[in-house]
Amino acid sequence: MKPIKAAAIQMDISHCKKQDNIKKALRLSENAVSQGADLIVLPEVFSTGFCYEDLDNAGESEPCPTIEQLSDFSEQNSCVMIGSIIQKHDKEEEKEEEEKNHFTNMGFCIENGDLAGTYTKTHPFGREKGYFTPGDQIEPIRLKSYDLTIGLEICYEMRFPEIARKLAIAGSDILVTIAEFPNPREYQWRSLATARSIENQTYHIACNRTGTDPSSTFFGATMILDPLGNVLADAKDKECFIIHEIDPEMIEDTRKAIPVFGDRRPELYGSLQHRVGN
């Protein structure tokens with residue numbers, strides 16, 4: 001892996017207004033590319049927000065027009081784009097299922113115009129559980145031309161250290177968390193983002209939205225952190241993008257100095273089952 005310049009887009013997402021959001025995301029991405037960005041991260045469901053009241057229009061079936069628009073941008077600018085959209089799955093004619101079974105929160109990674117991989121959010125939070133079917137696989141996404149592996153997780157999943165650790169063990173070079181983390185949880189967001197970086201000794205791009213939707217306000221706090229947990233760039237609460245170079249040598253140096261992965265004793269950890277009560 002060679003050094004790569006990464007940017008994270010922090011934007012207010014206009015509720016259910018897909019084309020307005022895509023236009024804004026591409027404008028901010030174009031500005032990031034003009035400053036040398038090779039990799040661009042967008043917030044969770046950036047094109048619609050959680051548009052529960054109009055999922056049929058918010059959701060997209062393959063080949064997903066939003067992905068196609070981002071792919072065109074990615075190809076024209078020779079860059080990587082990461083984010084998530086609401087994906088709609090066709091109903092099977094032979095059986096009636098509840099509406100929630102036909103939508104997923106689909107993370108994507110586009111490389112130079114091609115879809116390098118997808119990831120379905122495995123841990124929906126709160127109201128999401130009534131509308132989105134969770135994914136059942138946690139695997140990193142390999143980029144070919146950049147010799148880079150992305151570990152992608154979505155929002156609430158940052159509270160589950162097992163996810164980031166599995167992605168790190170599987171060879172992820174960079175951890176990416178895309179989110180709609182709301183007020184009043186900024187302290188939790190910053191603490192969790194830092195912890196995931198330190199414990200996995202990796203760069204962490206934690207991309208959150210800002211602004212408001214019908215039920216929440218959002219603090220932003222999009223960050224790029226290094227393998228020691230230092231904040232390299234911080235978007236605070238404004239609509240903007242942040243950008244910083246990611247140096248693979250720092251990952252290697254950090255893991256040599258403090259050999260966490262070599263010192264792990266997984267035979268002692270076993271299967272960590274949850275016990276409720278006494």
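Given a 1.4 Å probe and heavy atoms of the protein chains only, how would you sort Tyr119, Tyr269, Tyr187, Tyr131, largest accessible area at the top? Intermediate results must be reported in sequence, preceding the final value.
Numbers: Tyr119 10, Tyr269 105, Tyr187 175, Tyr131 65 Å².
Ranked list, largest accessible area first: Tyr187, Tyr269, Tyr131, Tyr119.
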Calculate the length of the line joining the C-alpha centroid of the range 107-129 to that of the range 235-266, in whole Å.
-> 22
For the charge dipole of the chain, defined by +1 on Lys and Arg C-beta atoms and -1 on Asp and Glu C-beta atoms about the Cα centroid, which residue among Val231, Gly83, Leu28 has the Cα displaced farthest towards the positive pole?
-> Val231
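How high is the relative contact order of the range 168-212, given as a whole-number percent (alpha carbon pairs under 8 Å, six or more residues apart)? Each step should come with its number before you reach the end.
On the way: 38 pairs, mean separation 25.0, N = 45.
About 56 percent, as a whole number.
How would His102, His244 line up by accessible area, probe 1.4 Å, largest first?
On the way: His102 10, His244 65 Å².
Largest accessible area first, the residues go His244, His102.
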Nearest 20 debye, what's the magnitude of the dipole of the chain about its Cα centre given +1 on Lys and Arg Cβ and -1 on Asp and Glu Cβ?
-> 980
Residue among Gly36, Gly59, Gly130 with the largest mean-square fluctuation in a Gaussian network model of the chain, springs linking Cα atoms under 10 Å | Gly130
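Under the rule a/c < 1.5 gives rounded, and otherwise a/b versus b/c splits prolate from oblate, where does the range 4-86 land using the Cα gyration tensor?
Working: a/c = 2.38, a/b = 1.72, b/c = 1.39.
Because a/c hits 1.5 or more and a/b exceeds b/c, the range 4-86 counts as prolate.
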Tell me, which cysteines of the chain are without a disulfide-compatible partner by the Cβ under 4.7 Å rule?
-> Cys64, Cys79, Cys109, Cys155, Cys207, Cys240
In sequence order, what are the phi-derived ³J(HN,Hα) couplings for the range 141-158 according to the Karplus relation 6.51 cos²θ - 1.76 cosθ + 1.60 with θ = phi - 60°, rounded to whole Hz, with x for glycine and proline?
-> 10, 8, 9, 7, 6, 9, 6, 9, 10, 9, x, 9, 9, 10, 6, 3, 5, 5
Pick out, from Thr202, Ala116, Tyr187, the residue whose Cα sits farthest towards the positive end of the charge dipole of the chain, with +1 on the Cβ of Lys and Arg and -1 on the Cβ of Asp and Glu.
-> Tyr187
So which of Lys17/Lys144; Lys144/Lys256; Lys2/Lys238; Lys17/Lys238; Lys18/Lys144 end up more than 23 Å apart, counting from Cα to Cα?
-> Lys17/Lys144; Lys144/Lys256; Lys2/Lys238; Lys18/Lys144
Excluding ligands and nucleic acids, what accessible area in Å² is computed for Glu162 using a 1.4 Å probe, to the nearest 10?
-> 110
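Could you please put Ser78, Ser61 in sequence from largest to smallest accessible area, using a 1.4 Å probe?
Numbers: Ser78 70, Ser61 40 Å².
Order by accessible area, largest first: Ser78, Ser61.
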Probe 1.4 Å - accessible area at Ile243, Å² to nearest ten = 40
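The values are calculated or read from the model by the stated rules, or taken from the named source; none is laboratory data. Worth saying up front: this structure is predicted, and the values here are computed from it rather than measured. Quick reminder, even Gly has a Cβ in these numbers, built from the backbone with ideal geometry, and neighbours come from all protein chains shown. Protein only, heavy atoms only, side chains kept; ligands, DNA and RNA dropped before computing areas. Shrake-Rupley method; radii C 1.70, N 1.55, O 1.52, S 1.80 Å.
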